[in-house]
Amino acid sequence: MKIAIGTQNPTKVNAVKNSFMPHITAEFFSVNAPSNVSAQPLSDDETIEGAINRAFNARTAIQADIGVGLEGGLIKTKQGYFLCNWGAIVDHKLEPIVAGGARIIVPNEIGRSVFHGKELGDVMDEYVNLHKVRHNQGAIGIFTNGLVDRTSMFTHLCDLLIGQYLYQQQHS
């Protein structure tokens, strides 16, 4: 089986491999697949759409059996700004399989900067005076004091995806 991962970000690629490898024998390919949404999704709907698009575009780009797309976003609620993350699996015969992951509140100054047009990764780099936070611990790692990093957050999300996929394979 050939699995296309719709990103070259190592935190997301490792998350897919961590989740899928114990359950599926496959070759994994990292593909720079477009999300076809804004660079910084600002709603659940846009983040879901980005994940589905990345999965579809990755699968199509290399004619893979399965495409996996992961997308992070930020949403605004009455309680403040929250990280959100969504993932999708697409293949040629099933409707997209979609799952959502962890949500935590971020400081208002972070949320406001993102909602005024900056990407979360850039804001985080400035906020903590580090480089490439999005390719390492991510905002989740910063705001959970390192207890949950970006790879583990996306691994949990991928566990939800592969679990649904395996269930559907057994019951279709």
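The values are calculated or read from the model by the stated rules, or taken from the named source; none is laboratory data. Keep in mind that what you see is a predicted model, and the values were worked out from it rather than measured. In case anyone asks, the SASA skips ligands and DNA or RNA and just uses the protein heavy atoms, side chains included. Shrake-Rupley method; radii C 1.70, N 1.55, O 1.52, S 1.80 Å.
What whole-number distance in Å separates the alpha-carbon centres of the range 1-76 and the range 128-155? Centre-to-centre distance over Cα atoms comes out at 18 Å. Taking the longest Cα principal axis of the chain as reference, the axis of helix 44-62 is set at about 40 degrees. When the alpha carbon gyration tensor of the range 1-148 is reduced to an equivalent ellipsoid, its three semi-axes come out at 27, 16, 13 angstrom, largest first.
Only DSSP H runs of four or more residues enter the estimate; each adds -39500 (n - 2.57), and after division by the residues of the chain the mean residue ellipticity at 222 nm equals -13500 deg cm²/dmol. Estimated at the nearest 10 Å², the accessible area of S35 is 10 Å² with a 1.4 Å probe. Separation of the alpha carbons by more than 28 angstrom is noted, of K78/K132; K12/K118; K93/K132; K17/K118; K17/K132; K17/K78, for K78/K132; K93/K132; K17/K118; K17/K78.
Here the 3J(HN,Hα) profile of the range 121-131, calculated from phi with Karplus coefficients 6.51, -1.76 and 1.60 at θ = phi - 60°, is x, 5, 4, 5, 4, 5, 4, 9, 6, 10, 10 Hz, Gly and Pro shown as x.
Got a sec? What order do L147, L94 fall in by accessible area at 1.4 Å, biggest, i.e. largest, first? Don't skip to the answer; put the middle values down first.
Details: L147 155, L94 45 Å².
Correct descending sequence by accessible area is L147, L94.
The 3J(HN,Hα) values that the Karplus relation (6.51, -1.76, 1.60; θ = phi - 60°) gives for the range 103-118 are, in residue order, 9, 9, 6, 10, x, 4, 5, 5, x, 4, 4, 5, 6, 9, x, 8 Hz. Gly and Pro appear as x. Between amide H atoms placed 1.01 Å from N, distances below 5 Å from I5 occur with F29, S30, V31, V68, all of them 5 or more places distant or on a separate chain.
In degrees, nearest 10, range 0 to 90: what is the angle between the Cα axis of helix 150-170 and the longest Cα principal axis of the chain? Taking the Cα atoms of the chain, the angle to 150-170 is about 30 degrees.
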